[in-house]
Amino acid sequence: MIVGVLALQGDFEAHARVLTELGAEVREVRVPADLEGLDGLVMPGGESTTMTLGIEREGLGDPLRAFAATGAPIFGTCAGLIMLDREHLGIMDITARRNAFGRQVRSFEADLDFPDIDGPPVRAVFIRAPWIDDAGPEVEILAEVDGHPVAARQGSLFVISFHPELGDDTRLHARFLEDVRAR
Ligand code: GLN
(Lines give C-alpha, C1' and ligand atoms only; values in the text may rest on other atoms or scores of the structure.)
Protein backbone atom coordinates (compact mmCIF):
# COMPACT_ATOMS: atom_id res chain seq x y z
CA MET A 1 0.00 0.00 0.00
CA ILE A 2 1.61 3.26 -1.12
CA VAL A 3 0.10 6.53 0.04
CA GLY A 4 1.10 9.85 -1.48
CA VAL A 5 1.39 13.14 0.35
CA LEU A 6 1.24 16.28 -1.78
CA ALA A 7 4.57 17.88 -0.92
CA LEU A 8 4.58 21.24 -2.71
CA GLN A 9 4.08 23.30 0.44
CA GLY A 10 2.69 23.01 3.96
CA ASP A 11 3.13 20.45 6.69
CA PHE A 12 3.44 17.36 4.52
CA GLU A 13 6.32 15.97 6.59
CA ALA A 14 4.16 15.61 9.70
CA HIS A 15 1.53 13.72 7.67
CA ALA A 16 4.20 11.45 6.21
CA ARG A 17 5.44 10.67 9.73
CA VAL A 18 1.99 9.70 10.99
CA LEU A 19 1.24 7.54 7.95
CA THR A 20 4.61 5.78 8.25
CA GLU A 21 3.96 5.13 11.95
CA LEU A 22 0.67 3.52 10.96
CA GLY A 23 2.46 1.16 8.60
CA ALA A 24 1.90 2.81 5.22
CA GLU A 25 4.60 3.28 2.64
CA VAL A 26 4.67 7.00 1.87
CA ARG A 27 5.69 8.84 -1.28
CA GLU A 28 5.99 12.62 -1.49
CA VAL A 29 4.18 13.95 -4.55
CA ARG A 30 5.72 16.90 -6.38
CA VAL A 31 5.22 16.14 -10.07
CA PRO A 32 2.54 14.22 -12.01
CA ALA A 33 4.66 11.04 -12.33
CA ASP A 34 4.67 10.74 -8.53
CA LEU A 35 0.95 9.92 -8.63
CA GLU A 36 1.51 6.71 -10.58
CA GLY A 37 0.67 3.57 -8.66
CA LEU A 38 -0.53 5.37 -5.54
CA ASP A 39 -3.37 3.79 -3.55
CA GLY A 40 -4.38 7.01 -1.79
CA LEU A 41 -3.36 10.64 -1.38
CA VAL A 42 -3.20 13.16 1.46
CA MET A 43 -3.54 16.86 0.69
CA PRO A 44 -1.96 18.65 3.66
CA GLY A 45 -2.68 21.97 5.33
CA GLY A 46 -0.63 25.00 4.47
CA GLU A 47 -1.45 27.99 2.32
CA SER A 48 -3.96 27.38 -0.44
CA THR A 49 -2.77 30.31 -2.59
CA THR A 50 0.81 29.03 -2.60
CA MET A 51 -0.38 25.47 -3.15
CA THR A 52 -2.47 26.57 -6.13
CA LEU A 53 0.59 28.23 -7.69
CA GLY A 54 2.63 25.07 -7.14
CA ILE A 55 -0.04 22.88 -8.72
CA GLU A 56 -0.15 25.19 -11.76
CA ARG A 57 3.63 25.33 -12.01
CA GLU A 58 4.00 21.55 -11.95
CA GLY A 59 1.00 20.87 -14.18
CA LEU A 60 -0.63 18.80 -11.43
CA GLY A 61 -4.25 19.96 -11.88
CA ASP A 62 -5.42 17.49 -14.52
CA PRO A 63 -3.38 14.58 -13.12
CA LEU A 64 -4.90 15.18 -9.66
CA ARG A 65 -8.42 15.26 -11.14
CA ALA A 66 -7.69 12.07 -13.08
CA PHE A 67 -6.35 10.41 -9.92
CA ALA A 68 -9.52 11.36 -8.01
CA ALA A 69 -11.65 10.01 -10.86
CA THR A 70 -10.13 6.54 -10.36
CA GLY A 71 -11.85 6.45 -6.97
CA ALA A 72 -8.63 6.31 -4.98
CA PRO A 73 -9.20 7.70 -1.47
CA ILE A 74 -8.12 11.31 -0.93
CA PHE A 75 -7.80 12.90 2.51
CA GLY A 76 -7.83 16.72 2.39
CA THR A 77 -6.95 18.62 5.54
CA CYS A 78 -7.32 22.38 6.05
CA ALA A 79 -5.78 24.01 2.95
CA GLY A 80 -6.08 20.53 1.39
CA LEU A 81 -9.86 20.77 1.85
CA ILE A 82 -9.81 24.16 0.12
CA MET A 83 -7.80 22.72 -2.79
CA LEU A 84 -10.43 20.04 -3.42
CA ASP A 85 -13.41 22.43 -3.55
CA ARG A 86 -15.34 23.72 -6.56
CA GLU A 87 -13.31 26.90 -6.88
CA HIS A 88 -9.91 25.20 -6.84
CA LEU A 89 -9.38 21.69 -8.23
CA GLY A 90 -13.14 21.12 -8.54
CA ILE A 91 -12.82 17.55 -7.29
CA MET A 92 -15.36 17.72 -4.45
CA ASP A 93 -18.86 19.20 -4.55
CA ILE A 94 -18.24 21.73 -1.79
CA THR A 95 -17.41 25.41 -1.51
CA ALA A 96 -14.92 26.25 1.21
CA ARG A 97 -14.70 29.58 2.99
CA ARG A 98 -11.08 30.42 3.72
CA ASN A 99 -10.06 31.77 7.14
CA ALA A 100 -13.71 31.37 8.02
CA PHE A 101 -13.40 31.66 11.79
CA GLY A 102 -12.24 35.26 11.54
CA ARG A 103 -9.01 37.09 12.10
CA GLN A 104 -9.12 37.14 15.89
CA VAL A 105 -9.74 33.43 16.15
CA ARG A 106 -6.85 32.34 14.03
CA SER A 107 -6.27 29.24 16.03
CA PHE A 108 -8.31 27.15 18.48
CA GLU A 109 -9.05 23.60 19.55
CA ALA A 110 -12.35 21.76 19.77
CA ASP A 111 -13.58 18.26 20.62
CA LEU A 112 -15.41 16.67 17.73
CA ASP A 113 -17.50 13.51 17.67
CA PHE A 114 -17.15 11.57 14.44
CA PRO A 115 -19.89 9.05 13.62
CA ASP A 116 -17.35 6.49 12.39
CA ILE A 117 -14.51 6.97 14.90
CA ASP A 118 -14.58 4.88 18.08
CA GLY A 119 -13.53 6.16 21.48
CA PRO A 120 -13.44 9.67 22.93
CA PRO A 121 -14.03 12.77 20.76
CA VAL A 122 -11.25 13.86 18.43
CA ARG A 123 -9.31 16.86 19.75
CA ALA A 124 -9.14 19.06 16.66
CA VAL A 125 -6.55 21.80 16.14
CA PHE A 126 -7.81 24.62 13.89
CA ILE A 127 -5.29 27.05 12.41
CA ARG A 128 -6.79 29.83 10.27
CA ALA A 129 -9.20 27.15 9.22
CA PRO A 130 -11.84 27.10 6.52
CA TRP A 131 -15.35 25.79 6.90
CA ILE A 132 -17.66 24.34 4.28
CA ASP A 133 -20.07 27.03 3.09
CA ASP A 134 -22.05 24.90 0.70
CA ALA A 135 -22.19 21.21 -0.12
CA GLY A 136 -23.92 19.19 -2.83
CA PRO A 137 -26.39 16.35 -2.20
CA GLU A 138 -23.74 13.62 -2.27
CA VAL A 139 -21.74 15.17 0.54
CA GLU A 140 -22.19 13.79 4.04
CA ILE A 141 -21.33 16.25 6.81
CA LEU A 142 -19.48 14.48 9.63
CA ALA A 143 -18.79 17.24 12.16
CA GLU A 144 -19.58 20.90 12.77
CA VAL A 145 -18.30 23.80 14.87
CA ASP A 146 -20.92 26.43 15.77
CA GLY A 147 -23.18 25.03 13.08
CA HIS A 148 -20.53 25.18 10.36
CA PRO A 149 -19.38 21.95 8.68
CA VAL A 150 -15.70 21.19 9.33
CA ALA A 151 -15.57 17.55 8.24
CA ALA A 152 -17.25 15.77 5.35
CA ARG A 153 -17.18 12.79 3.10
CA GLN A 154 -18.18 12.30 -0.54
CA GLY A 155 -17.50 8.80 -1.79
CA SER A 156 -13.74 8.27 -1.61
CA LEU A 157 -13.10 11.89 -0.59
CA PHE A 158 -12.64 12.73 3.10
CA VAL A 159 -12.02 16.33 4.17
CA ILE A 160 -11.51 18.07 7.49
CA SER A 161 -10.76 21.72 8.11
CA PHE A 162 -8.28 21.13 10.96
CA HIS A 163 -4.83 19.57 11.46
CA PRO A 164 -4.89 15.87 12.43
CA GLU A 165 -1.12 15.56 12.03
CA LEU A 166 -0.50 17.75 15.11
CA GLY A 167 -0.79 15.96 18.44
CA ASP A 168 -0.76 12.22 18.94
CA ASP A 169 -4.27 11.16 17.96
CA THR A 170 -3.81 9.11 14.80
CA ARG A 171 -7.40 7.85 14.47
CA LEU A 172 -8.33 10.00 11.45
CA HIS A 173 -5.27 8.93 9.48
CA ALA A 174 -6.03 5.34 10.49
CA ARG A 175 -9.61 5.80 9.27
CA PHE A 176 -8.32 7.08 5.93
CA LEU A 177 -5.92 4.14 5.64
CA GLU A 178 -8.87 1.78 6.24
CA ASP A 179 -10.50 3.25 3.12
CA VAL A 180 -7.26 2.82 1.18
CA ARG A 181 -6.92 -0.80 2.32
CA ALA A 182 -10.60 -1.56 1.60
CA ARG A 183 -10.08 -0.48 -1.95
N1 GLN B 1 -5.68 29.79 5.87
C2 GLN B 1 -5.08 28.84 4.99
C3 GLN B 1 -5.56 29.02 3.55
O4 GLN B 1 -6.50 29.71 3.33
C5 GLN B 1 -5.35 27.41 5.43
C6 GLN B 1 -4.77 27.22 6.80
C7 GLN B 1 -4.24 25.87 7.05
O8 GLN B 1 -4.08 25.02 6.15
N9 GLN B 1 -3.88 25.67 8.29
O10 GLN B 1 -4.99 28.46 2.66
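The values are calculated or read from the model by the stated rules, or taken from the named source; none is laboratory data. Model, not experiment: these values are computed from the prediction. With ideal geometry, Cβ positions are generated from the backbone for all residues, glycine too; neighbour counts draw on all protein chains shown. Surface accessibility is based on the protein's heavy atoms, side chains included, excluding ligands, DNA and RNA. Shrake-Rupley method; radii C 1.70, N 1.55, O 1.52, S 1.80 Å.
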Pull up region 24-45, narrow it to residues that are part of a loop (DSSP other than H, G, I, E, B) and away from the ligand (no atom under 16 Å from the Cβ), then point me to the one that is most open to solvent (accessible area, probe 1.4 Å).
Glu36
Here are some conditions: (1) in contact with a Pro (Cβ under 6 Å, 6 or more places away or on another chain); (2) surrounded by fewer than 19 Cβ atoms within 10 Å (Cβ to Cβ). Glu178 meets all but one. Which one does it not meet?
(1)
Here are the criteria: (1) within 13 Å of the ligand (Cβ to nearest atom); (2) at pLDDT 95 or above; (3) buried (at least 19 other Cβ atoms within 10 Å of the Cβ). Tell me which single one Arg97 does not satisfy.
(3)
From (1) open to solvent by 10 Å² or more (accessible area, probe 1.4 Å); (2) more than 16 Å from the ligand (Cβ to nearest atom); (3) farther than 19 Å from Arg175 by Cβ, pick out the condition that doesn't hold for Glu21.
(3)
Might you check whether a residue that is farther than 21 Å from Leu177 by Cβ, within 14 Å of the ligand (Cβ to nearest atom) and either within 15 Å of the chain's Cα centre (by Cα) or buried (at least 17 other Cβ atoms within 10 Å of the Cβ) (or both) occurs anywhere in region 131-144?
yes
Please determine, by comparing only the residues of region 148-163 that are part of a loop (DSSP other than H, G, I, E, B) and open to solvent by 10 Å² or more (accessible area, probe 1.4 Å), which one is nearest to Ala96 (Cα to Cα).
His163
Working carefully through the options Gly80, Gly76, Gly54, Gly71, find the one that is part of a strand (DSSP E or B) and more than 13 Å from Phe126 (Cβ to Cβ).
Gly76
Out of all the residues in region 56-64, is one or more closer than 14 Å to Val180 by Cβ and away from the ligand (no atom under 16 Å from the Cβ)?
no
Leading residue by the ranking (farthest from Thr49 (Cα to Cα)) among those in region 70-107 that are β-branched (Val, Ile, Thr) and touching a residue at least 24 places away in the same chain (Cβ under 8 Å)
Ile74
